[in-house]
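Right, one structure below, let's go through it.
The values are calculated or read from the model by the stated rules, or taken from the named source; none is laboratory data. Keep in mind the model is a prediction, meaning the values are calculated, not measured. Cβ placement follows ideal geometry from the backbone for every residue including glycine, while neighbour counts extend to all protein chains displayed.
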Amino acid sequence: MNLDLTLDPAYWSGRYAAGRTEWDVGAITPPLREYFMQLGAPDLRRILIPGAGNSYEAEYLHSLGFTQIFVVDVAPEPLEAFQARIPSFPKEHLLLQNFFALSAEHPYDLIVEQTFFCALPPSQRVAYAEKCSQLLREGGTLMGLLFDVDFGPRQEPPFGGSRAEYESYFAPYFDFIHFEQAYNSIKPRQGRELFICLKKK
């Protein structure tokens, strides 16, 4: 398989059509829910969730009262399903677009990482870290989960990796607030996830 296809809308549409959405656990996971609970009262901070799939994270933030949440995906199916599930969510905040083509004209305060990084070809990881930095305001936060496991040679997502490898990508752009094994992962992922909270330099 040409790994560039993992950035192709048709590839992801095919996976949704075939029901090949193993990353989808049907709800927001505890590490992200606990972080969101600590955000305090809803405000106008701009929050971006890339490659969000069914975007339980956006649904949860929306339920808390945050209004400036933006969800981006290259495939229309998850965005359409999300709009049908949460009709009160602003349609204009559902962005059918390639993450790497997003404009940095209006920077974000928070980027939420949840199974997008592991879906990218490993060759795109340096570009991902740089793009996150470009999209965040000064002092903005990149927060989320990364798989801390070697899945072995693979021709399609998910792609694994190690803590040391990930540190090398983010260190040029971010200060590390948290970069530790998640203590409250769901059972199938226990001991295999890093919780990250990084501040743009």
Any hit, segment 163-175, residues being closer than 24 Å to G53 by Cα and loosely packed, with under 14 Cβ neighbours inside 10 Å: no
Out of curiosity, is F89 under 25 Å from G40 (Cβ atoms), at pLDDT 95 or above, over 16 Å from the mean Cα position of the chain (by Cα) and not in a helix (DSSP H, G or I)? yes
Number of the condition not met by G144 [criteria: (1) assigned to a loop (DSSP other than H, G, I, E, B); (2) in contact with a strand residue (DSSP E or B) (Cβ under 6 Å, 6 or more places away or on another chain); (3) under 18 Å from Y35 (Cα atoms)]: (1)
What are the residues in segment 118-156 that are touching a helix residue (DSSP H, G or I) at 6+ places or on another chain (Cβ under 7 Å), modelled with pLDDT under 95 and of a type in the set (A, V, I, L, M, F, W, C), if any? A119, L120, F147
For segment 53-73: of the residues being part of a loop (DSSP other than H, G, I, E, B) and either without any contact (Cβ under 8 Å) to a residue 12 or more places away in the chain or touching a Ser or Thr at 6+ places or on another chain (Cβ under 9 Å) (or both), which is surrounded by the fewest Cβ atoms within 10 Å (Cβ to Cβ)? N54
